[in-house]
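Asks: Here you go, one structure.
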Amino acid sequence: MARILVTGGAGFIGSHISEGLLRRGDEVRILDDLSTGFQRNLDYLRQFGEIEFVKGSVADLETARAAVEDCEVVYHEAALASVPRSVEDPLACDRANVTGTLNMLVAARDSGVKKFIYAASSSAYGDSEVLPKVETMPVVPLSPYAVAKLTGEQYVRIFAKLYDIDTLAIRYFNVFGPRQDPNSPYAAVIPIFVDCILDGKSPTIHGDGLQSRDFTYIDNVVHANLLALDCPRLGGEVINVALGGKITLLELYDAIAEILKTDIRPVHGDPRPGDVKHSQADITRAQQLLGYDGIVDWRTGLVQTIEWYKEFRAQASA
Ligand code: NAD
Ligand code: UD1
């Protein structure tokens, strides 16, 4: 049992990692400014154990220092997680995602944190032609978000080399599952599609729909993060965590439509600026370092996610 700080713990991925830790019996503290996260996620977590909640921003060094005090491990999940949002406001993206990450690293180093595990992004790869994407490939970020997440990753890597702190950057590939916000203007594609169909409306596919993603159900991401806790040496490594799949937006839409038994058809709009065309992971390094393998395939995850959205909407309208 360890005391662990999860930044961004009121958000989608951070709340699932917190749940996984609480289920193991760890003590969890959450730092979150509730900018895109929710009090309801914190309320939900309390059924698994006590959590300490610090409301504040990772972009403030003093807040970061207070939050890491007495923690052995930091999961740094807090970020503004949207590509289009970063295209609209690159400065806000930089503050939360670059300054925020450096603050958390400095605070963690100075307070004697042993492990720092960072939510990196597959967006770092950009549009490299070769698939699947391997960690040794050159990176060509296409959006301010991708630049910021990559910069954070580089800080995470060098802190393990320069200071007495062990670190890991996990490049997530399009994670989805319960508690991913469907209502934000910057929501991810699966919650948007499901919500639109449940509203009886046609979702918009940006471009021809032949772009592809390695859609990864959240349980796989939690599994990888928990494996990292038990790994004797992370060494500042960068690893992909996904399933290794390549699902086009058209395939995704058809799968959702089949599960929801709808004949609503999508409409096509312009391609989205800053978008990557294809994203598919090679997960060999995660297998070697952590013993990671996917535990829930994307279709099983999709069925569970859609069930959750139906219940969430039913509760909201009750
Ligand atoms: P999310 O928006 O649900 O969660 C992010 C959380 O961080 C929210 O609770 C938000 O309130 C909090 N936050 C934002 N700025 C903050 C700040 N300055 N100070 C404190 N808290 C702040 O997003 P998510 O999808 O759960 O993403 C979690 C992490 O995973 C992010 O770092 C994101 O970049 C990364 N990531 C996500 C995906 C994905 O597919 N969802 C893929 C790759 C990487
Ligand atoms: C997502 C994550 C990002 C993460 C990255 C890693 C979110 C909001 N973004 O970015 O944090 O770092 O994966 O790979 O979780 N699309 C439509 N119609 C819509 C919405 C989206 O066609 O209504 C398309 C987009 O143009 C894109 C694809 O769906 O081609 C995925 O978009 P999105 O869910 O926003 O994720 P990414 O931009 O890949």
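The values are calculated or read from the model by the stated rules, or taken from the named source; none is laboratory data. Keep in mind that this is a model prediction, so the values were computed, not measured. Quick reminder, even Gly has a Cβ in these numbers, built from the backbone with ideal geometry, and neighbours come from all protein chains shown. Side chains are part of the model used for accessible areas, which takes the heavy atoms of the whole protein and leaves out ligands, DNA and RNA. Shrake-Rupley method; radii C 1.70, N 1.55, O 1.52, S 1.80 Å.
Asks: Kindly express, to the nearest 10 degrees and within the range 0 to 90, the angle between helix 12-24's C-alpha long axis and the longest C-alpha principal axis of the chain.
Replies: So the helix axis and the longest Cα principal axis differ by about 60 degrees.
Asks: Also, quick follow-up: Say we join alpha carbon atoms closer than 10 Å with springs in a Gaussian network model of the chain; which of 227, 31, 105 then has the biggest fluctuation?
Replies: Top of the fluctuation ranking is 227.
Asks: To the nearest Å, what is the center-to-center distance of the stretch 127-176 and the stretch 293-318, using C-alpha atoms only?
Replies: 29
Asks: According to a simple spin-label model (label point 7 Å from Cα along Cα-to-Cβ), what is the distance in nm between residue 206 and residue 233?
Replies: 4.2
Asks: Roughly how many nanometres apart are two label points built 7 Å out from the Cα toward the Cβ at residue 184 and residue 261?
Replies: Label at residue 184, label at residue 261, 3.3 nm between them.
Asks: All other residues with a Cβ under 10 Å from the Cβ of residue 220 taken together, and with Lys, Arg as +1 and Asp, Glu as -1, what is their net charge?
Replies: Charge balance in the 10 Å sphere: -3.
Asks: Helix 189-198 against the longest principal axis of the chain: what's the angle in degrees, Cα atoms only, rounded to the nearest 10?
Replies: Taking Cα atoms only, the helix is inclined about 40 degrees.
Asks: Among the lysines, which have Cα under 24 Å from the Cα of residue 310 when same-chain residues fewer than 8 positions away are ignored?
Replies: Result set, ordered by chain and number: 201, 261.
Asks: Something else: What is the extension gain from residue 40 to residue 88, computed as 0.36 nm multiplied by their sequence separation minus the C-alpha to C-alpha distance, in nm to one decimal?
Replies: 14.5 nm
Asks: Between residue 199 and residue 164, what length comes free when the chain is fully extended (0.36 nm per residue of separation minus the Cα-Cα distance, one decimal in nm)?
Replies: My answer for the length gained is 7.4 nm.
Asks: Then there is this: Can you work out D for the stretch 131-229 in µm² s⁻¹ from Stokes-Einstein, where Rh is the Kirkwood radius over C-alpha pairs, the temperature is 25 °C and the viscosity is 0.890 mPa s?
Replies: Estimated via Stokes-Einstein, D reaches 150 µm²/s.
Asks: Follow-up. If you count only protein heavy atoms with a 1.4 Å probe, what accessible area per residue comes out for the stretch 121-240, rounded to a whole Å²?
Replies: Using a 1.4 Å probe on heavy atoms only, each residue of the stretch 121-240 averages 37 Å².
Asks: To continue, here is another question. Hey, what angle do you get for helix 218-230 against the long axis of the chain, alpha-carbon based, 0 to 90 degrees rounded to 10?
Replies: Once rounded, the angle reads 20 degrees.
Asks: Order the following by accessible area, largest value first: 74, 130. Probe radius 1.4 Å; ligands, DNA and RNA are ignored.
Replies: 130, 74
Asks: If you don't mind, another one. Determine the per residue accessible area of the stretch 1-102 with all protein chains present and a 1.4 angstrom probe, expressed in square angstrom.
Replies: Ligands and nucleic acids excluded, the figure is 42 Å² per residue.
Asks: Provide the solvent-accessible area of residue 231, counting protein heavy atoms only and rolling a 1.4 Å probe, rounded to the nearest 10 Å².
Replies: Counting only protein heavy atoms, the figure is 10 Å².
Asks: On the accessible surface of the stretch 20-132, probed at 1.4 Å, how many percent belong to carbon and sulfur atoms?
Replies: Solvent-exposed carbon and sulfur of the stretch 20-132 make up 49 percent of the total.
Asks: Only residues of the stretch 205-242 count here: report those whose backbone N is under 13 Å from the spot 7 Å along Cα→Cβ of residue 268, or say none.
Replies: Only 205-211 pass the distance filter.
Asks: Right, something else. Return the FRET efficiency for the residue pair residue 297, residue 62: r is the Cβ-Cβ distance, R0 is 30 Å, and the value is rounded to the nearest 0.05.
Replies: Plugging the Cβ-Cβ distance into 1/(1 + (r/R0)^6) gives 0.10.
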